[in-house]
Amino acid sequence: MSDHAPILPQIDGERCTGCGQCVAACPGGALALTAGRADLAQPEACAYCADCEDLCPAGAIGLPYVVEAETRKTSETQSKSRRS
Amino acid sequence: MPENLADFLKSLPYFAGLPQQAVTDLAARARRRVYARHELIVLEGEPAQAACFVVSGNVRVFKLSPEGRQQVLDRLGPGEAFNLVPIFDGLPNPASAEAVNAATICLLARQDLLAVLRRYPSVAEALLADFAGRLRRLSALVEDLSFRTVRARLARFILRQASAPGRRLTQAEMAAELGTVRDVIGRTLLDFQAEGLITIDRHRICIQDRPSLEALAGM
């Protein structure tokens, strides 16, 4: 996956069975069934809640994460609290 | 991607010391295969066909439990090798390997690799150094799985990932690397957030309390 591509839920079309549970569960209506397979039809509506990933019986949906070091604000806050 | 297999093999540390003709001869015996995302390259337990070298793309080496849980042993990129063990002991593939994304693999048959290794000691030296590195990594994995709780392993993982930013992993992929299941990773991440160790904002896991995470990781 390109590092510059937007980070969105990944749907494996080969694993998806088209059961539609994710579509029904998605609180934002971001998912739809297209050609019998789950599709992130409205990515802007995705709240990244992971309900779809939790529900999918085929393990066809995965939400990627990136780990970031603490922000400078967080580091400064911790440094101040240690000095006081 | 290198234009021909001879250039590719020459670029590898295993064959960098070989005369050009030897590389050319080896390349003539090698095969190049393209694998689609998630396509299986090597299956654990099957008779070994060849040593594999990643030309492009990424490969995941793993073992599967009888229940289907995956434990990742290694993640490889261009220029790295896998399935070398059967070359030396003649036994079946010790693990499986699949393409993480579309991958091109250079395959060298056992007899061809052994022939060049016997003739050129530099190849054996390079392979031994490679094996030593793998042994160290596997020892660290055994230590991690045997002596650390899932919380400690995940804390260590988060700290390691923060120092090498950019890599994207799903919770299922984290679970496969850390010897657990996705649900446990999900619950533990939420616990870490509730404890103030991290924040989770959509796809971003951001460290908030590094000292506590390091203490939890045993670092």
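The values are calculated or read from the model by the stated rules, or taken from the named source; none is laboratory data. As the structure is a prediction and not an experimental result, all values here were calculated from the model. All Cβ positions, even for glycine, are placed from backbone atoms using ideal geometry, and neighbour counts span all protein chains on display. These area figures cover heavy atoms from the full protein model, side chains too; ligands, DNA and RNA do not enter into them. Shrake-Rupley method; radii C 1.70, N 1.55, O 1.52, S 1.80 Å.
Points to keep in mind about this one:
- For region B:155-213, relative contact order (Cα pairs under 8 Å, six or more residues apart, normalised by length) works out to 26 percent.
- The Cα-based radius of gyration and maximum Cα-Cα distance (Dmax) for chain B are 19.7, 62 Å.
- Chain pair A, B: total accessible area buried, heavy atoms, 1.4 Å probe, Å²: 2400
- Inverse of mean 1/r across different Cα pairs in region B:108-219, Kirkwood, Å: 16.4
- Alpha-carbon Debye profile of region B:116-162, log10 I(q)/I(0) at 0.18, 0.22 Å⁻¹: -0.65, -0.77
- Bins of 5 Å from zero: percent of alpha-carbon pairs in region B:1-82: 3, 13, 22, 23, 17, 12, 7, 3, 2, 0
- Relative contact order [Cα under 8 Å, 6+ residues apart], region B:40-176, whole percent: 26
- Inverse of mean 1/r across different Cα pairs in region B:91-148, Kirkwood, Å: 14.3
- Our coupling estimate for region B:91-101, obtained by passing each phi through the Karplus curve with A = 6.51, B = -1.76, C = 1.60 and θ = phi - 60°, is 8, x, 3, x, 8, 9, 9, 10, 6, 6, 9 Hz, Gly and Pro reported as x.
- Crossing angle, helix B:121-147 versus chain B [Cα axis fit, 0-90 degrees, rounded to tens]: 20
- Between the helical axis of B:110-119 and the longest alpha-carbon principal axis of chain B there is an angle of about 70 degrees.
- Label-point separation in nm, B:Ala36 to B:Met219, each point 7 Å along Cα→Cβ: 3.9
- Shape summary of region B:46-116, radius of gyration then Dmax from alpha carbon positions: 12.4, 41 Å.
- D by Stokes-Einstein for the protein assembly as shown, Kirkwood Rh over Cα pairs, 10 °C, 1.306 mPa s: 73 µm²/s.
- Surface composition of region B:100-179: carbon and sulfur make up 59 percent of the accessible area, probe 1.4 Å.
- Axis angle, to the nearest 10 degrees, between helix B:20-29 and the longest C-alpha principal axis of chain B: 80 degrees.
- For region B:35-157, the fraction of alpha-carbon pairs lying more than 22 Å apart is 40 percent, rounded to a whole number.
- Among B:Cys106, B:Cys206, B:Cys52: highest mean-square fluctuation, GNM of chain B, C-alpha pairs under 10 Å: B:Cys206
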